[in-house]
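First comes the structure, then the notes that go with it.
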Amino acid sequence: MTAPVRVALAERSYDVHVGRGLLVKLGDAVTRVLDARRVHIFEDAGLPQSARDSAASSFGSLSVSRSAYRLNESTKSLDTLQEMLVELAEARLERTDAVIALGGGILGDVAGLAAALHRRGVAVVQCPTTLLSMVDASVGGKTGVNLHASIDGESVLLKNAVGQFYQPALVVADVDVLDSLPMRERRCGLAECIKHAVIAAGDPESKLSLGEVGSAMDAVLAGEWPTVADFVRENVALKARVVAADERESAASDAPGRRALNLGHTFAHAIESNTDTRVDVDNSSAHPAHGEAVGLGLLAAARLAEITLGQDDGLRREITAALARAGLPTRLSAAPHAKSLIAAMRQDKKARSGRLRLVLPTRDGVKMLDDPGDAPLAEACASIA
Ligand code: GLY
């Protein structure tokens, strides 16, 4: 068996197992690290029933309760959190028991928060079932829900406005479940892998690079699972090192620390939260999904690095080529005025008093940039419109 990736966080350290056929052994993996007598499984209703049943039956004689959710950004809410908390109370989960989050990033984020709150904290085991959640969301302990709010008279969705850093006790990523993952979602996960390949330029220990990421991305799209497992592991290893060095995004303000992982995300959240944005996907026009917006956000951030750091456009061209190879959009087919995107960026929870801190891609990894003002931001937005 391949060695797990360790997320080294002193007493909150944990292993991330990545491989094939892991769901049928989930119970064994959990009981090796936890002394639980009961588990409650929050399942993604979009996952094939056979995979969900395999995971549940792997717990043998432990008491198992289950509930299924099909969540989206709008139901990533306090209402859903409350529903989950009631289920944990009704399942009589005790402090030594465990929550299993079997699903994509949204389910993992809400279930993780429910675990953090139930009886002031029970263990959570993240079992990501999408590429995006395997390489990013399930590792690092970010949990949360969105809030619908009215700001300056406008109704807005504040993403992950309520949450906690709450590290899982274990992460188990069975790449076999990706077989049923729709192509669009596979591509969306690849956007985070491209982000990691850019960040990896500043990490001498990483084998990831923009130049090398292409064939691994082809393997994801073609379903070559042994190669995919290695690729996911390498992405998790990069994220684990970043998180271990700066668990709570509290690095000194000029050092990126964990904020490196937000590369492209300030632009992406603005693109996602604006209902007028469109991309061409599978020969039709659609509102950008998170990964598609992240890919566009990487390009806008690369353009901003050219404007503010005098960087040449070589890196942006490489990112464009990687996105195109992954089948991801490289521009918006419909975009609102840059002003609306900039206003949304300034509402980002990472902004302070409306002033942004942005992460820029460079050939040596990432750099932080203080709010450059509206004109460079507008030019960066225009580059993807
Ligand atoms: N997805 C960004 C982070 O975990 O920090």
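The values are calculated or read from the model by the stated rules, or taken from the named source; none is laboratory data. Fair warning: this is a prediction, and the values are worked out from it, not measured in the lab. Using ideal geometry, Cβ is built from the backbone for each residue, glycine included, and neighbour counts are taken over all protein chains shown.
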### Message
Take the conditions away from the ligand (no atom under 14 Å from the Cβ), under 17 Å from the mean Cα position of the chain (by Cα), part of a helix (DSSP H, G or I) and farther than 20 Å from Pro48 by Cα and apply them to Ala197. Does it pass?
### Response
yes
### Query
Looking at Ala351, Ala375, which is the one that is hydrophobic (A, V, I, L, M, F, W, C), within 22 Å of the chain's Cα centre (by Cα) and surrounded by fewer than 18 Cβ atoms within 10 Å (Cβ to Cβ)?
Ala351
### Query
How many residues are closer than 24 Å to Gln347 by Cα, surrounded by fewer than 23 Cβ atoms within 10 Å (Cβ to Cβ) and of a type in the set (Lys, Arg) if we restrict to segment 107-166?
1
### Query
Can Ser253 be described as surrounded by fewer than 17 Cβ atoms within 10 Å (Cβ to Cβ), under 20 Å from Asp364 (Cα atoms), of a type in the set (Gly, Ala, Ser) and away from the ligand (no atom under 16 Å from the Cβ)?
yes
### Message
For the list (1) in contact with a strand residue (DSSP E or B) (Cβ under 6 Å, 6 or more places away or on another chain); (2) assigned to a helix (DSSP H, G or I), I need the number of the one condition that Asp79 fails.
### Response
(1)
### Task
Evaluate the following for Thr130: is it hydroxyl-bearing (Ser, Thr, Tyr) and either without any contact (Cβ under 8 Å) to a residue 24 or more places away in the chain or under 30 Å from Ser340 (Cα atoms) (or both)?
no
### Query
Hey, which of the helices (runs of 4 or more DSSP H) in segment 260-346, taking only ones fully inside, have at least 2 residues that are modelled with pLDDT of 95 or more, under 20 Å from the mean Cα position of the chain (by Cα) and more than 16 Å from the ligand (Cβ to nearest atom)?
290-309, 314-325
### Query
Could we say that Val171 is touching a Lys or Arg at 6+ places or on another chain (Cβ under 6 Å) and within 14 Å of the ligand (Cβ to nearest atom) here?
no
#### Entry: Hits in segment 46-65 - residues which are surrounded by 15 or more Cβ atoms within 10 Å (Cβ to Cβ) and either in contact with a His (Cβ under 7 Å, 6 or more places away or on another chain) or not charged (D, E, K, R) (or both)
Gly46, Leu47, Ala51, Ser54, Ala55, Ala56, Ser58, Phe59, Leu62, Val64, Ser65
### Task
Assess whether Gly21 counts as being modelled with pLDDT of 95 or more and within 20 Å of Pro168 (Cα to Cα).
no
### Query
Could you list, in sequence order, the residues of segment 111-145 that are within 15 Å of the ligand (Cβ to nearest atom) and over 20 Å from Leu9 (Cβ atoms)?
Thr130, Leu131, Leu132
### Message
Cβ-Cβ under 8 Å, sequence separation 6+ or interchain: first residue in segment 134-154 and aromatic (Phe, Trp, Tyr), partner buried (at least 24 other Cβ atoms within 10 Å of the Cβ). Which pairs?
### Response
none
### Query
In segment 252-270, what count of residues is obtained for those that are over 28 Å from Val156 (Cβ atoms) and either among the acidic types (Asp, Glu) or free of Cβ contacts under 8 Å to residues at least 40 places away in the same chain (or both)?
2
### Task
Restrict the check to segment 230-244 and report whether at least one residue is more than 12 Å from the ligand (Cβ to nearest atom), without any contact (Cβ under 8 Å) to a residue 60 or more places away in the chain and of a type in the set (Lys, Arg).
yes
### Task
From (1) farther than 23 Å from Leu9 by Cα; (2) among the acidic types (Asp, Glu); (3) under 16 Å from the mean Cα position of the chain (by Cα), pick out the condition that doesn't hold for Glu234.
(1)
